[in-house]
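Take a look at the structure below.
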Amino acid sequence: MLDRLRESPRTTGELCACFPELDRTTVLQHLRVLERADLVIGEKRGRERRLILAPLPIKRIHDRWIGEYARAAVELLDELG
């Protein structure tokens, strides 16, 4: 779902259509989890609900988890050099 939202903002219906193997209730449950984690922002526009990716929390996750491994890899390469 995050990959789909990375491509472009989508309505709830459009996102449900991206996952035909899942029923609407399952997609909405996943979206609630992503919204509670502040990874997705839902905005009500009339009858539609637009979903957008929240890039800042994802960057923070990257910096906290992936960044640490990247630094260790660079240090290791430096030691080998």
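Computed from the coordinates by the stated procedures, all read-outs in this text should not be read as laboratory data. As the structure is a computational prediction, the values presented were derived from the model and not from experiment. Positions of Cβ are backbone-derived with ideal geometry, glycine not excepted, and every protein chain shown enters the neighbour counts.
Angle, helix 67-80 long axis vs. longest principal axis of the chain, Cα atoms, 0 to 90°, nearest 10?
That works out to roughly 30 degrees.
Find which of A72, L5, T25 sits farthest along the positive direction of the dipole of the chain, computed with +1 on the beta-carbon of Lys and Arg, -1 on that of Asp and Glu, about the Cα centre.
Of the options given, the answer is T25.
Give the long-range amide H neighbours of V40: residues separated by 5 or more places, or on another chain, with amide H under 5 Å away, using H modelled in the peptide plane at 1.01 Å from N.
E35, A54
Provide the per-residue ³J(HN,Hα) series for region 38-53, in order, calculated from phi with Karplus coefficients 6.51, -1.76, 1.60 and θ = phi - 60°, each as a whole number of Hz, with x at glycine and proline positions.
Per residue, the Karplus-derived 3J(HN,Hα) values read 6, 8, 9, 10, x, 10, 7, 10, x, 8, 9, 10, 8, 10, 10, 6 Hz.
Can you tell me the dipole magnitude for the chain around its Cα centre, using point charges on the Cβ only (Lys, Arg +1; Asp, Glu -1), in Debye to the nearest 20? Spell out each step's value before the answer.
Numbers: 15 positive and 14 negative charges, 139 e Å.
Using only the charged Cβ atoms, the result is roughly 680 debye.
Using a 10 Å cut-off around each Cβ, can you sort L76, L31 from fewest to most neighbouring Cβ atoms?
Values: L76 10, L31 20.
Ranking L76, L31 by Cβ neighbours within 10 Å, fewest first, gives L76, L31.
Would you mind ranking T25, T11 so that the residue whose beta carbon has the fewest other beta carbons within 10 Å leads the list? Mind dumping the intermediate values first?
Values: T25 9, T11 15.
Going from sparsest to densest Cβ surroundings: T25, T11.
Are there GluC sites (Glu not before Pro) in the chain that DSSP puts in a loop and that have at most 11 other Cβ atoms within 10 Å, and which ones?
Sparse-neighbourhood loop GluC sites (Glu not before Pro): E21.
P(r) for the chain: what percent of alpha-carbon pairs falls in each 5 Å bin, starting at zero?
Answer for the chain: a P(r) of 3, 14, 20, 19, 12, 9, 8, 6, 5, 3, 1, 0 percent.
Among residues other than I41 whose Cβ falls under 10 Å from its Cβ, what is the net charge (Lys/Arg +1, Asp/Glu -1)? Show your work: numbers first, answer last.
On the way: positive: R50; negative: E35, D38, E43.
Result for the neighbourhood of I41: -2.
Please order K44, K59 by the number of other Cβ within 10 Å, starting at the fewest.
Numbers: K44 8, K59 11.
The most exposed by this proxy come first: K44, K59.
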